[in-house]
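Since every read-out is calculated from the coordinates, none of them should be taken as a lab result. Everything numeric here is computed off the predicted structure, so don't read it as measured data. Glycine also receives a Cβ, built like all others from the backbone with ideal geometry; neighbour counts cover every protein chain displayed.
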Amino acid sequence: MIIFTRNEEIGFDWNELEDMDETEITNTVSRIINFIEEYANGGLEYLHDLLEKGQLENSHYMFIDMYK
């Protein structure tokens, strides 16, 4: 869902995909993949920081506990 709300950051419009040639689609897909990787890495870095500070407990409900 994050991709649908951040298309301006990635630099494309979903409606334009239909009219793009293969090169433009390849470039757009590469930008989308890079955005997803950056987003995931940011989340992992956040979790790592919590772990290093001793604020992250390893449990089955770890992600639920983070929202409390």
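Within region 48-59, the residues that satisfy the criterion of being among the charged types (D, E, K, R) and exposed (fewer than 10 other Cβ atoms within 10 Å of the Cβ) are GLU52, LYS53.
Considering region 1-47, and only residues there that are among the hydroxyl-bearing types (Ser, Thr, Tyr) and surrounded by 10 or more Cβ atoms within 10 Å (Cβ to Cβ), the residue that is farthest from the chain's Cα centre (by Cα) turns out to be THR26. The combined condition, being acidic (Asp, Glu) and outside any loop (DSSP other than H, G, I, E, B), is not fulfilled by GLU57. If you go through region 1-31 and keep only what is touching a Phe, Trp or Tyr at 6+ places or on another chain (Cβ under 8 Å) and assigned to a helix (DSSP H, G or I), you end up with ILE2, ILE3, PHE4, ASN7, GLU9, ILE10, TRP14, THR28, ARG31. When region 1-18 is filtered for residues that are of a type in the set (S, T, N, Q) and over 13 Å from ILE33 (Cα atoms), the ones remaining, listed by number, are THR5, ASN15. Remark: pairs (first residue in region 1-24, on the phi > 0 side of the Ramachandran plot; second residue hydrophobic (A, V, I, L, M, F, W, C) and in a loop (DSSP other than H, G, I, E, B); Cβ separation under 7 Å; 6+ apart in sequence or on different chains) are absent.
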